[in-house]
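The values are calculated or read from the model by the stated rules, or taken from the named source; none is laboratory data. No experiment lies behind these values; they were computed from the predicted model shown. Heads up, the Cβs are rebuilt from the backbone with ideal geometry, glycines too, and the neighbour counts pull from every protein chain shown. These area figures cover heavy atoms from the full protein model, side chains too; ligands, DNA and RNA do not enter into them. Shrake-Rupley method; radii C 1.70, N 1.55, O 1.52, S 1.80 Å.
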Amino acid sequence: MREKRIVQKRTATLIAGLCLLAALAAEADTLTGQSVSRFMASMAALQASEAFSGHFKSAREAVWNDREFPGSLMPSELSAMVEGGAGYQAFKTIIEAHGFEEPQAWARAGDRILLALMSLDMNDRLPEMQARLVRMREQMSANPRFSDDQKQRMQQMIDRTAQLFNRVAQVPETDREAVRPHRAALKQALDYQSVK
C-alpha cells in the first residue's frame, strides 16, 4: 500500500512537472508587445553598432547579389548570414542584452513579427495576391518568348513568393494583435516596403 502511494505521488509530481514545462513553453512561444519592443530595440542597436553594421552590410550585399530579386530578408536569414562572421560576436552580445537568449530565439521572434506585419499590411488582399501568382505561373508557362532557363528562374521566384504568402496566411491573430500598435515603428526599424 505504501509503495502504491509512493508511485502515485511520483506520477502526480511527474505530471505536474510536465504541465509546468508545457506552460513555460507556451509562454515562451507567445509573441507579446514587449517582445516586439525588445526586437525593435535590438534592431536599432544593431544598426548603430560599428562592430556589426559594416560586416552586416557587406554580407547582405553579397546575398542580394546572388539573388534573382533582392526582396526583404527574414530575420532568420539575417541571423544565418552573419553566423561565424566577423560581426557575429557583436550580434550575439547585442541581442542578448535585449533579452534574447540565443540568435535562434531572436530569429524566430523576428520572423513572426515580420510575418505578422505583412499580414496586417496585406489585410484582405492576400487571396487576390495568391490568385495573381497562379495567373502569373500560367502565363509564364504558356509564353513561348521565355527560354526554359528564364522560365525556371521565374518559377523559382513565384514559388518563393507563394511560400511566403502561405506563411503569412497562417499568422495567428495573437501575433497580429501584438504587432498592430508597433506597425509604423517596425516599418522604419526593418526598412519594410509595403507589398503591392
Any chance you could run the full-extension gain for residue 41 through residue 88? It's 0.36 nm times the residue separation minus the Cα-Cα distance, nm to one decimal.
-> 15.1 nm
Over segment 105-196, with neighbouring protein chains present, the accessible area per residue in Å² at probe 1.4 Å is 60 Å²
Multiply the residue separation of residue 183 and residue 76 by 0.36 nm, subtract the distance between their alpha-carbon atoms, and state the gained length in nm to one decimal.
-> 36.5 nm
When the accessible area of segment 127-172 is split by element with a 1.4 Å probe, what percent falls to carbon and sulfur?
-> 51 percent
In segment 87-168, which GluC sites (Glu not before Pro) fall in coil by DSSP and have 11 or fewer other Cβ atoms within 10 Å?
-> 101
Pull out the extension gain between residue 123 and residue 152, defined as 0.36 nm times the separation in residues minus the alpha carbon to alpha carbon distance; nm, one decimal.
-> 7.4 nm
Net charge near residue 119, counting Lys/Arg +1 and Asp/Glu -1 over other residues with Cβ under 15 Å of its Cβ?
-> 0
Among the trypsin sites (Lys or Arg not before Pro) within segment 112-163, which fall in a DSSP loop and have no more than 12 other Cβ atoms within 10 Å of their own Cβ?
-> 145
